[in-house]
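The values are calculated or read from the model by the stated rules, or taken from the named source; none is laboratory data. Worth saying up front: this structure is predicted, and the values here are computed from it rather than measured. Note: ideal-geometry Cβ built from the backbone for every residue, glycine included; neighbour counts use all protein chains shown. Quick note on the areas: whole protein, heavy atoms, side chains included, nothing else; ligands and nucleic acids left out. Shrake-Rupley method; radii C 1.70, N 1.55, O 1.52, S 1.80 Å.
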Amino acid sequence: MKQKFLLTIVFLFIGKLMFSQVPQLTESSKISVLTCAAGDELYYAFGHTAFRVQDTVLGIDVVYNYGTFDFNQPNFYLNFTKGKMIYSLSRRRFDAFLYEYELEKRWVKEQILDLSLEQRNQLLSFFEENYLPENRDYLYDPLLNNCSSITGDILKEQFGDAIVFNGAYLEKQYTFRQLVRQFMNVNTWSMFGIDVAFGPNVDRKATVQEHMFLPYYTMEQIRHTTLDGKPLLKRERTILDYSEHRNQSFLPLSPLFWFIILFVFTGFITFLDYSHKARSRWLDFSLFLITGLVGVFLFLLWVATDHTSTPYNMNVLWAFPANAFVAFVIAFQDKLPNWISNYLWSALGLMVLMLILWIFKVQIFSPVLIPLLLTLALRYLYLIRYAKL
């Protein structure tokens, strides 16, 4: 144990000494882009991208990873909600980086870039300058500024117009929402939450370079990129070869299943209410309060955060924030107030407007919402009728 501890200290000391000044790479050096497979957790669902710098003569083999974050940083979840999530550039030895993917059985592929020695040293100097404590942190954006999209940004920043991203390999230019759905099943709670939180900004077509916010697209783009008119990719190899992780959707746990159950249940209760000329306050209170609170949250994501993907979110047309107030009116008054019918007709009108926006692709909504919208419409119509009694 003592020997292992001493060796660790020696390696750390040598590493610190080696990078106290940026070393000049030799002709045997390589710089490559690493692409790692998607994992089971939500934050691994799209894979990962990093840079590797190696030089056998100098004994350098390190990974520069722009996807580092710390759950324990102050106000982590609050900053995530507010769109002020801080990610960092980390630097670690390649074998330590690879160990995590071996444990999780996720494949790792390497694309060695065809760069001159001068260009390799230029990139290394950039990485080391970026790794300084005052430079390593950056404001994360899941679609526009993440560990993968930053790859294209760096190449453009360092080599300018000499770098050309050829998008001929794309079947078509997808929207950001379409790209995210390629990696997540629409009928999962995670994708449903993302669809509800995203506004119309994600329904525009991504540029060729913007497709690179997804690591798999970055890997494919490297294969179709030129530098000074020559292919950027020199050689490609698989470092870890594992099967792709496939998240299986289990219908009884899916949102569509539960929203259909809710619709059937609400229909049954509404039929009983109709038969007895009654009103199930607990059901109306629950539907109005939950949709209202969801609407308040979506409105705050729109106006009170720095997220680029959540403004102008028309999901507030069904998750109407005022429902949170109306829930208490409906729950604690024996007779419905006179204005409630106009309010409910307005709520129905907003849902019709939402459907029109969906048809004309102003904003794309989750198809999982359909039974939930039917549930709300059914109850709104019944309450309109009940208010006349």
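Sorted by packing (mean other beta-carbon atoms within 10 Å per residue), highest first, where do 356-367, 82-93 land? It would help to have the intermediate numbers written out before the result.
On the way: 356-367: 14.3, 82-93: 17.2.
Listed from highest to lowest mean packing, they are 82-93, 356-367.
Can you find, among Val164, Ala38, Phe299, the residue farthest towards the positive end of the dipole of the chain? Put +1 on the C-beta of Lys and Arg, -1 on that of Asp and Glu.
Towards the positive end, the residue furthest out is Phe299.
Nothing charged except the Cβ atoms of Lys and Arg (+1) and of Asp and Glu (-1): what's the magnitude of the dipole of the chain about its Cα centre? Round to the nearest 20 debye. Could you put the intermediate results ahead of the total?
On the way: 35 positive and 34 negative charges, 248 e Å.
With only Lys, Arg, Asp and Glu charged at Cβ, the dipole is about 1200 debye.
Please build a GNM for the chain, connecting alpha carbons under 10 Å apart, and tell me which residue among Ser149, Ser190, Ser32 fluctuates the most.
Maximum fluctuation in the GNM of the chain, among the listed residues, is at Ser190.
Per residue, how big is the convex hull around the C-alpha atoms of region 235-314? Give it to me in cubic angstrom, could you?
Hull volume over Cα atoms, normalised by residue count, gives 186 Å³.
Between helix 255-276 and the chain, what is the angle of the helix's C-alpha long axis to the longest principal axis, kept within 0 to 90° and rounded to the nearest 10?
10
Over region 297-389, what portion of Cα pair distances is larger than 15 Å, expressed as a whole percent?
Numbers: 2801 of 4278 pairs.
Roughly 65 percent, once rounded to a whole number.
Using Cα springs under 10 Å in a Gaussian network model of the chain, which residue among Gly199, Gly349, Gly292 shows the largest mean-square fluctuation?
Gly349
D for region 233-389, whole µm²/s, Stokes-Einstein with Kirkwood Rh over alpha-carbon pairs at 25 °C and 0.890 mPa s: what number? Please list the in-between numbers first.
Working: Rh = 18.0 Å.
So the translational diffusion coefficient is about 137 µm²/s.
Around Leu139, with a cut-off of 9 angstrom between Cβ atoms, what is the net charge of the other residues, counting Lys and Arg +1 and Asp and Glu -1?
-2
Net charge within 14 Å of Ala387 by Cβ-Cβ distance, Lys/Arg positive one each and Asp/Glu negative one each, not counting Ala387 itself?
The answer is +4.
Could you work out the percent of alpha carbon pairs in region 31-104 separated by over 18 Å, rounded to a whole number?
The answer is 49 percent, as a whole percent.
Step through the residues of region 36-52 one at a time and calculate ³J(HN,Hα) from phi using the Karplus curve (6.51 cos²θ - 1.76 cosθ + 1.60, θ = phi - 60°), rounding each to whole Hz and writing x for Gly and Pro.
Values, residue by residue: 10, 5, 5, x, 7, 6, 4, 6, 10, 5, 10, x, 8, 10, 8, 9, 10 Hz.
Of Lys109/Lys156; Lys30/Lys156; Lys109/Lys361; Lys82/Lys156, which sit over 26 Å apart, Cα to Cα?
Violating the 26 Å Cα-Cα cut-off are Lys109/Lys361; Lys82/Lys156.
Roughly how many Å² is the accessible area per residue of region 114-155, as a whole number, for a 1.4 Å probe?
Working: 1750 Å² over 42 residues.
With the other protein chains kept in place, region 114-155 gives 42 Å² per residue.
Can you give the Rg/Rh ratio of region 86-169, where Rg is from the C-alpha atoms and Rh is the Kirkwood radius?
Using Cα coordinates only, the ratio equals 0.98.
Let me know the whole percent of all Cα-Cα pairs from region 118-160 that are separated by more than 15 Å.
50
Within 12 Å, Cβ to Cβ, of Ser29, how many net charges do the neighbouring residues add up to if Lys/Arg are +1 and Asp/Glu are -1?
-1
Starting from the coordinates of the alpha-carbon atoms of the chain, obtain the Kirkwood hydrodynamic radius over all distinct pairs and give the value in Å to one decimal.
The answer is 24.3 Å.
Please tell me the relative contact order of the chain in percent, rounded to the nearest whole number, where contacts are Cα pairs under 8 Å and at least six residues apart.
Reported as a whole number, the value is 17 percent.
Order the peptides 101-111, 264-274 from the highest to the lowest mean number of other Cβ atoms within 10 Å of their residues.
On the way: 101-111: 16.9, 264-274: 14.6.
Averaged packing, sorted descending, gives the order 101-111, 264-274.
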